[in-house]
Amino acid sequence: MSDPTEIANLQAMAAQLAHPSGEAGTAIAANMNVANARLAERAIAALAAVPGQSVVEIGPGNGRLSMDLVRRLGEGGRYTAMELSPDMARECRANLGELSACAVNIINTDCRTAALIPESVDAIFGTNFVYFLDDLTQFLQSAYRWLKPGARLVIGIRSKTAMAALPFTPFGFRLREASEIVAAMAALGWREIRDEYHDDEGEREINGLVVKVDAHIISGNK
């Protein structure tokens, strides 16, 4: 790839995917809701949250893919989202803030260093956020600290092979094999770790490229 304009466009797209902002960020978030709906659905199903629980989501974007979860948590439940983009945090707050009797708290913060009460959370999940973590271990340690004993973490990602086929991922994305995440969790003492692989979403055309759409749903209990 040598076209400076093409490179600049891909860099801009990668930056928006990492940190959506402005009108372009709003459009990116809407597109990602379509592209990642099934991935989010699988991750939330693996979470197995029940009414009244306290759940934390990492990187919810505009929050629309979490509406059913917030409704399910209901009265006595608590949904906390950690969103690095101020614009997405505002949109998420607007979409989820008064959706149900569930208490909703949207925090504009970095998930690696956020201050949550230790052992106060029933479940933590997120999709496609690990591409933007330079220190996976730091996040896993924080998540372990926040969760109650026996509580669950769920991480949804595309495979490294699928992500590497996308033209924008060389610009700031940290691609990892699912096995690397599983190994990092095991090293920190997570239990009942599972990696469920799905490849039934077919293919999708992105920027003229036809790429396979797959998913790893990685989970573990404290």
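Determine which single condition Ala143 fails, assuming it passes every other condition in (1) farther than 19 Å from Tyr79 by Cα; (2) surrounded by 15 or more Cβ atoms within 10 Å (Cβ to Cβ).
So Ala143 meets the others, but not (1).
Among what's in the range 88-126 and is charged (D, E, K, R) and surrounded by fewer than 20 Cβ atoms within 10 Å (Cβ to Cβ), pick the residue that is nearest to Leu47 (Cα to Cα). Outline the logic, then answer.
The initial filter retains those residues of the range 88-126 that are charged (D, E, K, R), namely 90-91, 93, 98, 110, 112, 119, 122.
In the following step, the residues that additionally are surrounded by fewer than 20 Cβ atoms within 10 Å (Cβ to Cβ) were identified as 90, 93, 98, 110, 112, 119.
On the way: Arg90: 25, Arg93: 22, Glu98: 23, Asp110: 22, Arg112: 20, Glu119: 17 Å.
In this case the residue turns out to be Glu119.
Considering only the range 121-149, how many residues are part of a strand (DSSP E or B) and without any contact (Cβ under 8 Å) to a residue 60 or more places away in the chain? Don't jump to the end; show me each part of the working.
Filtering the range 121-149 down to residues part of a strand (DSSP E or B) leaves 121-127, 147-149.
Next cut, without any contact (Cβ under 8 Å) to a residue 60 or more places away in the chain only: none.
Looking only at that region, the number is 0.
So which of Ile155, Ile206 ends up being out of contact with any Asp or Glu (no Cβ under 9 Å at 6 or more places or on another chain), buried (at least 19 other Cβ atoms within 10 Å of the Cβ) and either at pLDDT 95 or above or not small (Gly, Ala, Ser) (or both)? Working first, answer last.
On the way: Ile206 fails: buried (at least 19 other Cβ atoms within 10 Å of the Cβ).
Result: Ile155 is the single residue among Ile155, Ile206 that is out of contact with any Asp or Glu (no Cβ under 9 Å at 6 or more places or on another chain), buried (at least 19 other Cβ atoms within 10 Å of the Cβ) and either at pLDDT 95 or above or not small (Gly, Ala, Ser) (or both).
Could you pull out the residue among Ala164, Ala184, Ala151 that is in contact with a strand residue (DSSP E or B) (Cβ under 6 Å, 6 or more places away or on another chain) and among the aliphatic types (A, V, I, L, M)? Give the steps one after another, and end with the answer.
Values: Ala164 fails: in contact with a strand residue (DSSP E or B) (Cβ under 6 Å, 6 or more places away or on another chain); Ala184 fails: in contact with a strand residue (DSSP E or B) (Cβ under 6 Å, 6 or more places away or on another chain).
Among Ala164, Ala184, Ala151, only Ala151 is in contact with a strand residue (DSSP E or B) (Cβ under 6 Å, 6 or more places away or on another chain) and among the aliphatic types (A, V, I, L, M).
Of the residues that sit in the range 112-139 and are of a type in the set (A, V, I, L, M, F, W, C) and out of contact with any helix residue (DSSP H, G or I) (no Cβ under 6 Å at 6 or more places or on another chain), which one is farthest from Thr169 (Cα to Cα)? I'd like the intermediate steps shown before the answer.
Taking the range 112-139 first, the residues of a type in the set (A, V, I, L, M, F, W, C) are 114-117, 121, 123-125, 129-130, 132-133, 136, 139.
From what is left, the residues that are out of contact with any helix residue (DSSP H, G or I) (no Cβ under 6 Å at 6 or more places or on another chain) are 114-115, 117, 129-130, 139.
Details: Ala114: 26, Ala115: 30, Ile117: 34, Phe129: 13, Val130: 13, Phe139: 21 Å.
Checking each candidate, the answer is Ile117.
Among the residues of the range 5-30, which ones are among the small types (Gly, Ala, Ser) and within 16 Å of Ala165 (Cα to Cα)? Break it down stepwise before answering.
First, pick out the residues of the range 5-30 that are among the small types (Gly, Ala, Ser): 8, 12, 14-15, 18, 21-22, 24-25, 27, 29-30.
Hit for the range 5-30 is Ala14, nothing else.
Specify which of the listed residues (Ser21, Ser85) is of a type in the set (S, T, N, Q), exposed (fewer than 15 other Cβ atoms within 10 Å of the Cβ) and touching a residue at least 40 places away in the same chain (Cβ under 8 Å). Outline the logic, then answer.
On the way: Ser85 fails: exposed (fewer than 15 other Cβ atoms within 10 Å of the Cβ).
When all the criteria are applied, what remains is Ser21.
Suppose we filter the range 146-173 for residues that are aliphatic (A, V, I, L, M), touching a helix residue (DSSP H, G or I) at 6+ places or on another chain (Cβ under 8 Å) and under 27 Å from Arg78 (Cβ atoms); how many remain? Step through it out loud before you land on a result.
Taking the range 146-173 first, the residues aliphatic (A, V, I, L, M) are 147, 151, 153-155, 157, 162-166.
If we keep only those that are touching a helix residue (DSSP H, G or I) at 6+ places or on another chain (Cβ under 8 Å) too, we end up with 153-155, 157, 163.
Retained after the next criterion (residues that are under 27 Å from Arg78 (Cβ atoms)): 153-155, 157.
Residues in the range 146-173 being aliphatic (A, V, I, L, M), touching a helix residue (DSSP H, G or I) at 6+ places or on another chain (Cβ under 8 Å) and under 27 Å from Arg78 (Cβ atoms): 4 in total.
Filter the range 157-207 for residues that are of a type in the set (Ser, Thr, Tyr), under 21 Å from Ile124 (Cα atoms) and part of a loop (DSSP other than H, G, I, E, B) and give the result. Before the answer, list the steps.
First pass over the range 157-207, keeping only residues of a type in the set (Ser, Thr, Tyr): 159, 161, 169, 179, 197.
Right, trim to under 21 Å from Ile124 (Cα atoms) and you get 159, 179, 197.
Passing the criteria: only Ser159.
The values are calculated or read from the model by the stated rules, or taken from the named source; none is laboratory data. No experiment lies behind these values; they were computed from the predicted model shown. Glycine also receives a Cβ, built like all others from the backbone with ideal geometry; neighbour counts cover every protein chain displayed.
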